[in-house]
Amino acid sequence: MTADEERTSDVQRVLEWLYQDELRHSRLIWRLESDARLEPPWPFRHLYYDPAGAVLVDLHGHPKLGGADPDWFQVDATDPVALGLLCGVRLPQHSEILCHGDLLPVLQTLGATETVGMLEVHVCWPGELGPAALPCEPTRLTPRHRAQVAEDGWRPDDLAEELDEEQGGVRWAILRDNRIVSRLLVQRVSEHLAEVADVQTAADARRRGFGAALVQNVVRRLHERGLGVTYSVHPSNRPSLALAASVGFRFAFRWQRVRVTRPWEE
Ligand SMILES: CC(C)(COP(=O)(O)OP(=O)(O)OC[C@H]1O[C@@H](n2cnc3c(N)ncnc32)[C@H](O)[C@@H]1OP(=O)(O)O)[C@@H](O)C(=O)NCCC(=O)NCCS
């Protein structure tokens, strides 16, 4: 087997394992699958896998996400011992890790840890949508909406990459008087799941039902295609949590973003 074939088969094995818990692993799945679609594909040079069920994705060599200081990892494991061994071998002195909260004790055995962010993932499967919100007819944003997007405070240049759900995602908005009052991004995160991200309502249009109307409309369309939907939110963001709950999302799990500094070894 060539090195390339070996890597491809490693990725395949990791994907098979990740799909055993598609909801919890959807972020890792998305990263691996979307990178496999890159042209030319990111060669997964830094993907580490332990057959006992630990995976560590090193984004250091990533064409878009890599190069940041400190190095950036996404990690998950069903076996903390395997994960500890893997991290023990692979983690550099400084790294930032997005991981499931129950893995924190493993990281604490490796060095000083500092939680620098948190993300709650909520889910709404087909059939779980709440009572109808305000009816609305969202607009799918394209580069011809550059002016509205600029006014909304989002980067118009990003629109060019937000036209494909499978790659950069697709942006939907409610427009009133040719102005964006509420918007969001839909990204496919695995075979059966899409993520609704970056939901925002203009400050002077909040608490009037626009956010819930937009999210519900988009989630309904995704459900009609048989997809479950995830919604990620910081646990302190009460308006966003209230919006998610009103649409029918329920808490699934929490990720932590942890900075790990290992003891310096000569
Ligand atoms: C979160 C946000 C998108 C909500 O948008 P919105 O258009 O104001 O939401 P809606 O008016 O549709 O409200 C939806 C539900 O959330 C509740 N809600 C909204 N804002 C709230 C607040 N500040 N406090 C408590 N509940 C709130 C509403 O009461 C409603 O619940 P109900 O249906 O039970 O009455 C908006 O506050 C926002 O843009 N925040 C800044 C960006 C952000 O944090 N985005 C989320 C990232 S995950």
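Taken together, the values in this text are just the output of simple stated rules run on the coordinates, not laboratory data. Not measured: the values here are computed from a predicted model. All Cβ positions, glycine included, derive from the backbone under ideal geometry; neighbour counts span all protein chains shown.
Checked against the criteria, SER34 does not count as touching a Pro at 6+ places or on another chain (Cβ under 7 Å) and of a type in the set (Ser, Thr, Tyr).
Condition check ((1) assigned to a loop (DSSP other than H, G, I, E, B); (2) of a type outside the set (A, V, I, L, M, F, W, C)) across all residues:
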residue	(1), (2)
GLU166	yes, yes
TRP172	no, no
ARG183	no, yes
VAL186	no, no
GLU195	no, yes
ASP198	no, yes
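Please verify whether the range 193-212 includes one or more residues that are buried (at least 21 other Cβ atoms within 10 Å of the Cβ) and in contact with a Pro (Cβ under 7 Å, 6 or more places away or on another chain). The answer is no, given that none of the residues of the range 193-212 is buried (at least 21 other Cβ atoms within 10 Å of the Cβ) and in contact with a Pro (Cβ under 7 Å, 6 or more places away or on another chain). Is it the case, given these coordinates, that GLY101 is at positive phi and touching a residue at least 24 places away in the same chain (Cβ under 8 Å)? The answer is no for GLY101.
Restricting SER246, SER236, SER182 to those that are within 11 Å of the ligand (Cβ to nearest atom), over 29 Å from GLN74 (Cα atoms), polar (S, T, N, Q) and without any contact (Cβ under 8 Å) to a residue 60 or more places away in the chain reduces the list to SER182.
Criterion applied to VAL116, VAL186, VAL170 was being among the β-branched types (Val, Ile, Thr), closer than 15 Å to VAL247 by Cβ and under 21 Å from the mean Cα position of the chain (by Cα), and the one residue passing it is VAL186.
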